[in-house]
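The values are calculated or read from the model by the stated rules, or taken from the named source; none is laboratory data. Quantities reported herein were computed from a predicted structural model and do not represent experimental measurements. Glycine also receives a Cβ, built like all others from the backbone with ideal geometry; neighbour counts cover every protein chain displayed.
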Amino acid sequence: MQRFPKIAFTIVLFVGSVIACDALAQQPEQPAPAVPVDTAAIQAIKESNPTTAEQLINAAILSADLGRGDLGKAYLNKLIQNDPAEDEVLAAQQKLGTGRIFRLQSIDSLQPEGAKAATMLLTKLDTYFKDPARLNQLVDQLIDKDEVVRKQAARQLMNAGAAAANPLFAVLADPSRDAVRPAAKRMLVRLDRSIHGPLLAALDSSNPLLVAQLVDVAKELDLTQATQFLVGAYVLTDDDQLRSAIGEYLDATVQSRPTEEDVKAYLAKRVKMYLGEGPMFAVNEDGLVDLWTWDAAKNQVVMTPVPLADAEVITAGQLLRDLYAMDETNADVQVQAALAAMQRMGVLGETDAVLQKLVDQHGVELLQSALTKALEDRKFSQAAVVACEQIGATKNADLLIALEGKLSPLASALQSPVYRVRRAAAKAILTIDPKTPYAGSAELLDTLGFMASAQGKRNILLGELHQQNAQRMAGLLSELQLEPVVTPGGREFFKEAYASPDVEAIFISKPLALPAMMETVQILRKDRRTADLPIGIIAPIGEVVHYQLRTKDDPLTVVMIRPNDIEGFVFQLKQLYLSQGRLLVPADEREADAEFAIAEISRMLDAADQYDFYNFLKVEEIAVRRLMDQNVAANVAKLLGKLGTPAAQTALVDYASDPFNPVALRQACADALKAAIERRGILLTKDQIVAQYDRYNASEELDSETQAVRGKILDIIEAPTQDVRFDQPAKIGP
């Protein structure tokens, strides 16, 4: 084997290095950067040797103001490394003011250390101001004999804002703290708007004393939003104090006291509004609602950022509890109450007593009705997931029986456009583990196959006919640690879109290979594999409004102009991801789903005669493709061995024979090939068998491990003929 080219290449590199060194030697020396001369003011700052948080903040800002941002950064780095305690940060804030801390973020010459230091300081201050133990002490100080202490306590509770809610609510709920209660109620009134969300959530408490006190506060605040949460209790409660307080509130805010029929009509109207198209809440900069809810287990309010749809359904659930209590025979109310309860469970992770009561009274049929309703509207996707889980937990195969020519709700859920719902339905059916055919069973293997195709990648699909634009966008995506999949559109585009759950978002641009942009969007929306994916339409500036009007009813499609820099692209990607919200499935979760699907398919193949109503050939192509992924290759090899089809045997032989694949995985493929042949016989063609002999003969100069694996494959292929006598005629018949 000749090695001259390698030596020549080394000489070229060496010569090139010498030339480069000579060239550098001939260049004139660059003058060293000038060392800044300290002014008297800078020298004074240095001599002060700042060490505390207050001193370092002040020194950093003064240095930057005097043109020495480099020195200011050094002081900030020291501050960050010191990691000052909360009391030291508080002392600095009280001496310098919060504005000076915020200024660290805005001085250009101090970045990025300025922003990092400000974030650290503000986080410590926020933790201090919202510390529950400290806030509880402040509440007790509201009735201190010293007026200065009382005023300081009130001022600090005002600074805490909504964080002061739970300590104040605890006073109102405790009969032993009567002395503090008037001061606590006055404090809540002073907090005004910052306390509205927590107060409305606390009205969901089952403690009549607490609710009665909060009703008084709501009356003082003229908080008419509380009406919808109080009218039901006004009719239903048997607590005289609570009923009286709500009556006075209604007199002050709506000037009337409703009858039970009035309350039913009013709550039904409000529920319809929350479950309609909305929106019923304002969203924050991330497109989420800061939803306050009552945590019955902890007896306090909690704030959870949730998508708009979840906030609306959960809030409707509060009203539906009262509506159901007044109208238990109303089938629509039963289904809506079950939906809202399941949505709350799915979003907040709370068990719901209302749901258990509904199921106890109306049976699993109510869960099925609720699932059917949930599948009609993406808004109820979280409820659909919980419904699938609840139905699956029954392990009742009768629930898969089609009725009146319609698929069972669980089988219908396999056709949902929402990946999370399809996954939940598949897991529920696998939990039930039916051993007899059922309508819609073909969809289970489709769903498992799609799940099994995920590799945990973060693919962004680009439909872009203009090559330079495609390359530019692909580069931006790569900078963001995303994996661009570039196509001009057309057949290749749809093939990639449907390939696996790893496609997180899609961009399509004008011009696009046929079909046109809007037709492409419509096709994607009709296929369950892409129906729920966020799509960005990159339109020419003059056509943005046109495409916005055409997509106004599709919340998952965002019209945008072409991004020119990384910041613009990040903003657009954020819009796309927010459009999918909680239903977005992270890459690691998709990877786990693939492993689960592969394991379940393999499990069923172990007892293939019990599951002969499933068409396992549907997963053959996916399994062959996934064999090349080393993360799952061992398990996929076992699956292919159980399939034993010609394609499966071919894939196993090819993988095991390739010396570039890991030895352990090649051995696993050889073992799987043996299992396949024992199960179904040799399904390789004559040419493939001959080729395997050629491979073995050609491995003379390869490593011993490769020779051993290839020899093992030949032993496996020859094994079925070991006992055959070719010098005698074959025996026919018994």
* When you look at Q455, is it over 19 Å from Q382 (Cα atoms), within 22 Å of the chain's Cα centre (by Cα) and in a loop (DSSP other than H, G, I, E, B), yes or no? -> yes
* Structure fact -> Among the residues of region 556-604, the number that are more than 30 Å from E620 (Cα to Cα) and either in a helix (DSSP H, G or I) or at pLDDT 90 or above (or both) is 23
* Structure fact -> Within region 622-663, the residues that are part of a helix (DSSP H, G or I) and among the aromatic types (F, W, Y) are Y655
* Structure fact -> Every listed condition ((1) more than 23 Å from Q343 (Cβ to Cβ); (2) surrounded by fewer than 21 Cβ atoms within 10 Å (Cβ to Cβ); (3) in the same structural domain as P175 (by TED's automatic domain parsing)) holds for A265 save (3)
* Tally of residues being within 24 Å of N615 (Cβ to Cβ) and either surrounded by fewer than 21 Cβ atoms within 10 Å (Cβ to Cβ) or modelled with pLDDT under 95 (or both) across region 654-675 -> 1
* **Every residue from region 676-734 that is assigned to a loop (DSSP other than H, G, I, E, B), loosely packed, with under 13 Cβ neighbours inside 10 Å and at pLDDT 90 or above** => G681, T685
* Criterion: outside the structural domain of N159 (by TED's automatic domain parsing), surrounded by fewer than 16 Cβ atoms within 10 Å (Cβ to Cβ) and not polar (S, T, N, Q) - qualifying residue of K124, K95, K73, K116 -> K95
* Asked: Does I107 satisfy the criteria of being closer than 18 Å to T51 by Cα and surrounded by 16 or more Cβ atoms within 10 Å (Cβ to Cβ)?
  -> no
* Asked: Within region 220-243, restricting attention to residues that are among the small types (G, A, S) and in contact (Cβ under 8 Å) with a residue 40 or more places away in the chain, which residue is farthest from V189 (Cα to Cα)?
  -> G232
* For the subset of region 324-336 comprising residues that are among the β-branched types (V, I, T) and part of a helix (DSSP H, G or I), which member is nearest to Q368 (Cα to Cα)? -> V335
* To do: Give the residues of region 429-439 that are buried (at least 16 other Cβ atoms within 10 Å of the Cβ) and either of a type outside the set (A, V, I, L, M, F, W, C) or in contact with a Pro (Cβ under 9 Å, 6 or more places away or on another chain) (or both), sorted by residue number.
  => P434, Y438
* Asked: Considering only region 617-632, how many residues are touching a helix residue (DSSP H, G or I) at 6+ places or on another chain (Cβ under 6 Å) and surrounded by fewer than 20 Cβ atoms within 10 Å (Cβ to Cβ)?
  -> 2
* Flag if A309 is hydrophobic (A, V, I, L, M, F, W, C) and farther than 20 Å from P198 by Cα -> no
* **P501 vs. criteria part of a loop (DSSP other than H, G, I, E, B) and either touching a residue at least 40 places away in the same chain (Cβ under 8 Å) or in contact with a Gly (Cβ under 6 Å, 6 or more places away or on another chain) (or both)** => yes
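Condition check ((1) under 37 Å from the mean Cα position of the chain (by Cα); (2) free of Cβ contacts under 8 Å to residues at least 24 places away in the same chain) across all residues:
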residue	(1), (2)
I143	no, no
Q152	no, yes
R155	no, yes
A160	yes, no
A170	yes, no
A173	yes, no
S176	no, yes
A184	no, no
I195	yes, no
* State whether the residues of region 84-91 include one that is outside any loop (DSSP other than H, G, I, E, B), surrounded by 13 or more Cβ atoms within 10 Å (Cβ to Cβ), more than 38 Å from the chain's Cα centre (by Cα) and without any contact (Cβ under 8 Å) to a residue 60 or more places away in the chain. => yes
* Residue among V619, V624 that is out of contact with any Gly (no Cβ under 9 Å at 6 or more places or on another chain) and within 30 Å of V663 (Cα to Cα) -> V624
* Does region 184-191 contain at least one residue that is in contact with a helix residue (DSSP H, G or I) (Cβ under 6 Å, 6 or more places away or on another chain), at pLDDT below 95 and under 24 Å from A297 (Cα atoms)? -> no
